[in-house]
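Please read the structure below before turning to the comments.
Taken together, the values in this text are just the output of simple stated rules run on the coordinates, not laboratory data. In this text the structure is predicted, and so the values were computed from the model without any measurement. Cβ sites come from the backbone with ideal geometry, for glycine too, and all protein chains shown count toward neighbours.
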Amino acid sequence: MAADTSWWTEARLGLFIHWGLYALAARHEWVKNRERLTDEHYQRYFEHFFPDLFDPERWAQTAKQAGMRYVVITTKHHEGFCLWDSDLTDYKVTRTPWGKDVLEPALDAFRAAGLRVGLYHSLIDWHHPDFPLDGLHPQRDDAAFIEKAGGREMSRYREYLHGQVRELLTRYGRIDYLFFDFSYADRTWGGKGPAEWGSEQLLAMVRELQPDVIVNDRLGIPGDFVTPEQYQPAAPLRRDGRPVPWEACQTLNDSWGYDRDNLQYKTGGMILRMLIDGVSKDGNLLLNVGPTGRGKLDPRAPAILAEIGDWMELHVRSVYGCGASPFPPPPDCRYTQRGDRLYLHLFAWPYRHVHLSGLEGRVRYAQFLNDASEVKLQVIEPGQQAQNTRLGGLPDGTLTLELPTVAPPVAVPVIELFL
Ligand code: GLC
C-alpha cells in the first residue's frame with residue numbers, strides 16, 4: 001500500500017545534504033569515479049575526516065529559516081563511507097579521527113527544530129569488496145584490479161545493503177522519507193537494478209520497519225514519488241496516465257558534494273522561481289547543500305538560503321499546501337492554489353496591468369502578499385474597445401489588476417486572490 005505523502009506535498013520545500021569523504025577532495029561527490037581514484041589514494045580523506053565545526057543545530061536552523069520543512073541527509077554515498085556507526089563495516093565515521101556517529105546528532109537536531117527527517121542511501125558502493133565492477137566503478141579500466149575482482153558476489157553485497165538499511169531503520173527512530181540512489185539496469189556494462197538490489201524484498205522490509213516512511217523511485221520499482229533531477233518538469237508528472245507525486249532535486253552549483261572551485265551558483269531568485277514553478281505543477285523542491293570537510297555548509301550556501309528564507313517568510317502561504325490551479329496564468333506568471341486562495345506569482349513585472357483569464361466575477365478581493373496592500377480590480381465591459389487611455393479589446397471574462405509602476409521590493413511579487 002502506498003504511504004501517506006500528505007505531509008510531504010504540504011511541505012513543498014526540503015533541504016538535501018550531501019556529506020562524506022568526497023567533501024575533503026572538494027571536487028564533486030563523483031570524484032572517485034571521475035579521477036579513477038583507488039581505495040589507497042582515497043584513504044587520505046578517511047584519515048583526515050575531522051569536521052570540528054560540525055554544528056547540526058545550525059544546519060537545522062538554516063533549513064528552518066529558509067522555509068524548509070524536511071531535511072534529507074546522506075547516510076552513505078557511492079564512495080561507500082558510512083556516516084553512522086554500522087556494525088557491518090569499518091569504513092565508517094566512528095573509525096575516522098572524528099570517531100563519532102554524525103547521523104544521530106544530525107537527525108536529533110532536525111527533529112528538535114520541528115523538521116521531518118529523511119535519509120539518502122546509495123545502492124552503489126565503490127568500496128565494498130563484493131560490489132561487482134561495472135561501468136561506473138572507479139577501477140573500471142584497471143585490468144589488474146578487474147582480474148583480482150573476479151570473485152565478487154552480488155548476493156553478499158545485497159545482504160550487506162539490506163543489513164545496513166535495516167540498521168538505519170531500526171536505530172534512529174522514526175524516519176519520514178527514504179531516497180535510494182540509483183538503478184541503472186539498462187546499461188550494457190554491468191548495469192544494476194531491482195534484481196541485483198533485491199528491490200522488492202528491500203522495499204517490503206522498509207515498509208515493515210517504518211510503515212509511514214515515503215520512498216522514492218530509484219530502487220527501480222515504483223515508490224511513493226518520482227525524482228526528476230537537475231531539470232524542472234514542464235508539466236505535472238504522470239505515470240500510466242495518472243498524476244504522480246514528484247520532487248525535483250536540485251543543487252546550488254551542479255555539484256551535490258562540496259566542490260570548492262565550482263562557482264556555477266544559482267541565484268536565490270532563480271531557485272524561488274524553480275520552487276514556485278514546481279508547486280504550480282504539483283511538485284516539491286529538494287534543494288541541496290554540500291558541507292565542507294570542517295562540517296560547515298558550503299560557504300556560499302547560507303546567503304542563498306537566507307534570500308530564499310526572506311521571501312518565504314512573507315510568502316510561505318503561497319507555497320505550503322498549494323498546488324496547481326485550473327486557471328491559465330498570464331504570461332511570465334505562475335498560479336499556485338490552495339482551496340479558495342489563488343496566488344499569482346509575477347516572474348516579470350508588467351506595466352500597470354495584468355489580465356487574468358476566466359476570473360471575472362470570481363475574485364472577491366486582491367492584495368500583495370508581502371504587505372497585504374490592496375490591489376485594485378478593474379472589470380472591462382464585454383466588447384469594450386480600447387480608446388486612447390481607455391483599456392479595452394480584452395476577451396470576455398477577463399479580470400484586470402491594476403499594478404504600481406514599481407514592483408514590491410521582493411524577489412518574486414505575489415498577489416493573493418480571494419476567490
Ligand atoms: C545522482 C548523482 C548522485 C546524487 C544524486 C542526487 O544520482 O549520481 O551523486 O547523490 O543524483 O539525486
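Only Lys, Arg, Asp and Glu carry charge here, each on its Cβ (+1 for the first two, -1 for the last two); on that basis the stretch 6-318 has a dipole of about 540 debye about its Cα centre. Can you give the FRET efficiency to the nearest 0.05 for R58 and T94, using r as the Cβ-Cβ distance and R₀ = 25 Å? It comes out at approximately 0.65.
Legend: ranking of residues E229, E381 from fewest to most surrounding C-beta atoms inside 10 Å; resulting order E381, E229.
Contact order, relative form, for the stretch 136-293: 16 percent (alpha carbon pairs under 8 Å, 6 or more residues apart, mean separation divided by residue count).
For the chain, the longest principal axis of the Cα atoms and the long axis of helix 103-112 meet at an angle of about 30 degrees. Counted by neighbouring Cβ atoms within 10 Å, the residues V117, V363, V379 run from fewest to most as V379, V363, V117. For the stretch 369-385, the Karplus equation 6.51 cos²θ - 1.76 cosθ + 1.60, evaluated at θ = phi - 60°, returns couplings of 5, 5, 9, 6, 8, 4, 10, 6, 9, 10, 9, 8, 4, x, x, 4, 8 Hz by residue, with Gly and Pro reported as x. With a Förster radius of 60 Å applied to the C-beta separation of M205 and E381, the computed FRET efficiency comes to 0.35. Here the relative contact order of the stretch 38-145, from alpha carbon pairs under 8 Å that lie six or more residues apart, stands at 31 percent.
So what's the gap between the Cα centers of the stretch 131-179 and the stretch 246-275, to the nearest angstrom? After rounding, the separation between the Cα centres reads 28 Å. Compared with the dominant principal axis of the Cα atoms in the chain, helix 56-65 is inclined by about 20°.
Between E313 and R294, the simple spin-label model (points 7 angstrom out along Cα→Cβ) gives 2.6 nm.
When the pairs K32/K100; K92/K192; K148/K192; K266/K376; K92/K296; K32/K266 are compared against a 29 Å limit on Cα-Cα distance, K266/K376 fall above it. The A234 and Q367 beta-carbon pair, evaluated with R₀ = 30 Å, returns a calculated FRET efficiency of approximately 0.50. Normalised by the number of residues in the stretch 45-94, the average gap of Cα pairs under 8 Å and 6 or more apart makes the relative contact order 20 percent. Among D85, D261, D176, the order by Cβ neighbours within 10 angstrom, fewest to most, reads D261, D85, D176. Simple spin-label estimate for E402 and D4 gives 4.8 nm between the two label positions (7 Å along the Cα-to-Cβ direction from each Cα).
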